[in-house]
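Undergrad: Once you've had a glance at the structure underneath, I'll fire off some questions.
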Amino acid sequence: MLANRFNLSIRTGLFLIALAWFLFTFYEFTNGILHNFHPDPDNPVWYWLLGQETGGCIGLAFRSAGGLIAVITSLFYLVKRDLSEAETLMALRLVVIFEALFWLSFLFAINRPVETFGLNTWTIANNIPVTLQSIALPILLTMLFFNLTPKKASTGGIKWALISGTVYIFAFWLNNAGNWIAAVWIKGTDYISLYPANILSFTLTVFGLLSLAVYTTYFAKKSIRKSDFTKLNLRTVGMIITLFGLYFDVIYVLYLFLGPVGGWGMWYAWFTGHNLDLWLMMLPAAGLPFLFLKEK
């Protein structure tokens, strides 16, 4: 009975995550198409929108396709019409390669700043994290793609999934921390020192996400050495997934209740207006059930 409840919880959580991923991505894709494919030659910023946002739109098309496949696949499992191993791996491979193409499209976002930002600020907030994301993540996801085969999935597949997941968290830390640091660079240290909500947000972003990334590295390094991946500690995996999702939940809830504390700035513009990964707030739906698992 407990096993069945756990199984249903995981299936439901994975479906909810896939659905949130697809709906949020598809909305951002259609919104980007409607707003950014009509450049105004009289507007000096139109070239930036074309290079920055259009690249994102192209990538969002690939991610939308991957999200739709994830929704359909997880729906099969939710209604207990399980796919074969080969079918499941094929669906996962398609999701992974579309996600790789999404991050590869961010090469378009590496550019010079618009007039409202200085070079140093734009480098910290955009070019450094985008360079890592657009190069490292496609390479790792491509390696994962080639290892998601029936012969390699239980060894190489899990190995590259652990490596990819770890780099994902580091990439998100670098991106979010860069935007917070850039916001302080523009506004001054009073932007965080005078407002407890901003102190909490800054601390969770710069130090909290980094701590989670370091711990994930330790867990991945220890787990990769195991020859039998059936002994992977799923409770630890669930904890990492849950904490990663809760970070986005806490930051967004702070904004909903308190608004842009200290005034509108680069951090709030980024997190609430240009963040393409707020669907990660749904991650605890699949992470929490693993925390109550008694066996590894």
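The values are calculated or read from the model by the stated rules, or taken from the named source; none is laboratory data. From a predicted model like this one, the values you see are computed outputs, not experimental measurements. Using ideal geometry, Cβ is built from the backbone for each residue, glycine included, and neighbour counts are taken over all protein chains shown.
Undergrad: Starting from residues that are in a helix (DSSP H, G or I) and over 17 Å from the mean Cα position of the chain (by Cα), keep the ones in segment 144-157 and report whichever is modelled with the lowest pLDDT. Steps first, answer last, please.
TA: Going residue by residue through segment 144-157, those that are in a helix (DSSP H, G or I) are 144-147, 153-157.
Filter once more, keeping what is over 17 Å from the mean Cα position of the chain (by Cα): 145-147, 153-157.
Working: 145: 96, 146: 95, 147: 93, 153: 83, 154: 80, 155: 83, 156: 86, 157: 89.
Filtering segment 144-157 for residues that are in a helix (DSSP H, G or I) and over 17 Å from the mean Cα position of the chain (by Cα), the one modelled with the lowest pLDDT comes out as 154.
Undergrad: Counting only residues that are of a type in the set (Gly, Ala, Ser) and either assigned to a loop (DSSP other than H, G, I, E, B) or in contact with a Cys (Cβ under 8 Å, 6 or more places away or on another chain) (or both), which one in segment 254-276 is nearest to residue 60 (Cα to Cα)? Lay out the reasoning, then the answer.
TA: Taking segment 254-276 first, the residues of a type in the set (Gly, Ala, Ser) are 259, 262-263, 265, 269, 273.
From what is left, the residues that are either assigned to a loop (DSSP other than H, G, I, E, B) or in contact with a Cys (Cβ under 8 Å, 6 or more places away or on another chain) (or both) are 259, 262-263, 265.
On the way: 259: 28, 262: 32, 263: 30, 265: 25 Å.
Looking at residues that are of a type in the set (Gly, Ala, Ser) and either assigned to a loop (DSSP other than H, G, I, E, B) or in contact with a Cys (Cβ under 8 Å, 6 or more places away or on another chain) (or both), I get 265.
Undergrad: Inspect all residues belonging to segment 158-170 and state whether any of them is surrounded by fewer than 20 Cβ atoms within 10 Å (Cβ to Cβ) and either over 25 Å from residue 138 (Cβ atoms) or more than 23 Å from the chain's Cα centre (by Cα) (or both).
TA: No, segment 158-170 contains no residue that is surrounded by fewer than 20 Cβ atoms within 10 Å (Cβ to Cβ) and either over 25 Å from residue 138 (Cβ atoms) or more than 23 Å from the chain's Cα centre (by Cα) (or both).
Undergrad: Tally the residues that are at pLDDT below 90 and buried (at least 21 other Cβ atoms within 10 Å of the Cβ), restricting the search to segment 180-195.
TA: 2
Undergrad: Separate question: Which one of 121, 131, 88 is modelled with pLDDT of 90 or more and among the hydroxyl-bearing types (Ser, Thr, Tyr)?
TA: Numbers: 121 fails: modelled with pLDDT of 90 or more; 131 fails: modelled with pLDDT of 90 or more.
Only one candidate passes the filter, namely 88.
Undergrad: State all residues of segment 183-237 that are outside any loop (DSSP other than H, G, I, E, B), among the small types (Gly, Ala, Ser) and more than 21 Å from residue 156 (Cα to Cα); if no residue qualifies, say none.
TA: Step one: list which residues in segment 183-237 are outside any loop (DSSP other than H, G, I, E, B), which gives 183-187, 190-193, 196-224, 229-231, 234-237.
Pick out the ones that are also among the small types (Gly, Ala, Ser) and you get 183, 193, 197, 201, 208, 211, 213, 220, 223.
Listed by number, the residues that qualify are 183, 193, 197, 201, 208, 211, 213.
Undergrad: Looking only at segment 196-216, filter to residues that are hydroxyl-bearing (Ser, Thr, Tyr) and surrounded by fewer than 16 Cβ atoms within 10 Å (Cβ to Cβ); which one of those is nearest to residue 164 (Cα to Cα)? Walk me through it before giving the result.
TA: At the first step, the residues of segment 196-216 found to be hydroxyl-bearing (Ser, Thr, Tyr) are 201, 203, 205, 211, 215-216.
After this cut, where a residue has to be surrounded by fewer than 16 Cβ atoms within 10 Å (Cβ to Cβ) as well, the list is 203, 211.
Numbers: 203: 25, 211: 17 Å.
Per the stated criteria, the residue is 211.
Undergrad: Still on this structure, I have one more. Hey, does segment 217-225 have a residue that's in contact (Cβ under 8 Å) with a residue 40 or more places away in the chain, surrounded by fewer than 17 Cβ atoms within 10 Å (Cβ to Cβ) and not hydroxyl-bearing (Ser, Thr, Tyr)?
TA: Yes, the conditions are met somewhere in segment 217-225.
Undergrad: Does segment 269-296 hold any residues that are in contact (Cβ under 8 Å) with a residue 60 or more places away in the chain and surrounded by fewer than 19 Cβ atoms within 10 Å (Cβ to Cβ), and which are they?
TA: Within segment 269-296, 276, 277, 278, 288, 292, 293, 296 meet the criteria.
Undergrad: Does any residue of segment 238-251 turn out to be modelled with pLDDT under 95, touching a Leu at 6+ places or on another chain (Cβ under 6 Å) and not hydrophobic (A, V, I, L, M, F, W, C)?
TA: Yes.
Undergrad: Answer with yes or no whether residue 237 is surrounded by fewer than 18 Cβ atoms within 10 Å (Cβ to Cβ) and without any contact (Cβ under 8 Å) to a residue 60 or more places away in the chain.
TA: Numbers: surrounded by fewer than 18 Cβ atoms within 10 Å (Cβ to Cβ): no; without any contact (Cβ under 8 Å) to a residue 60 or more places away in the chain: yes.
Taking the combined requirement at face value, the residue does not satisfy it.
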